[in-house]
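The values are calculated or read from the model by the stated rules, or taken from the named source; none is laboratory data. All values derive from a computational prediction rather than experimental measurement. For neighbour counting, all protein chains shown are included, and Cβ atoms are generated from backbone atoms with ideal geometry for every residue, glycine included. Note: accessible area is taken over every heavy atom of the protein model, side chains too, but ligands, DNA and RNA are not part of it. Shrake-Rupley method; radii C 1.70, N 1.55, O 1.52, S 1.80 Å.
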Amino acid sequence: LERQQLLEVGGPALEYFTEITHRKPRERIGEADALHQMLQHRGPELLRSALAQALAAQLYGAHYVRHFLAKMQGGHDNGPVTGSSQRPPLSLPPRRELPL
């Protein structure tokens with residue numbers, strides 16, 4: 001049922017879940033659980049957008065999707081997450097211009 005609800009989010013969900021299944025077959029159940037929690041707490045529109053961003057960046061894992069959700073909401077995602085993907089949100093250092 002959870003997987004079906006994820007797939008109903010749309011094309012990005014199917015593509016993302018397919019990538020997770022191929023790249024992390026042993027972690028796919030935990031990843032699906034974490035993505036389903038995000039769906040329940042953030043809704044299909046936000047999750048679809050976060051999945052599309054993660055796909056575009058070729059970043060595969062629920063912790064990356066959680067990062068994009070937090071970024072869209074202007075802060076950190078503190079919602080509950082279960083499964084093997086419990087990692088802190090991705091923190092990227094500020095970009096610096098290098099002299100030429």
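Structure above, values below:
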| quantity | calculated |
| --- | --- |
| Per residue accessible area in Å² of the stretch 1-71, where ligands, DNA and RNA are left out and the probe is 1.4 Å | 52 |
| Added length on full extension, which subtracts the Cα-Cα distance from 0.36 nm per residue, residue 23 to residue 73 | 15.2 nm |
| Accessible-area composition of the stretch 5-56, carbon plus sulfur, in percent [1.4 Å probe] | 50 |
| Whole-Å distance, taken between Cα centres, linking the stretch 45-76 and the stretch 5-37 | 13 |
| Total charge dipole magnitude, the stretch 1-42, about the Cα centre, Cβ charges on Lys, Arg, Asp, Glu only, Debye to nearest 20 | 120 |
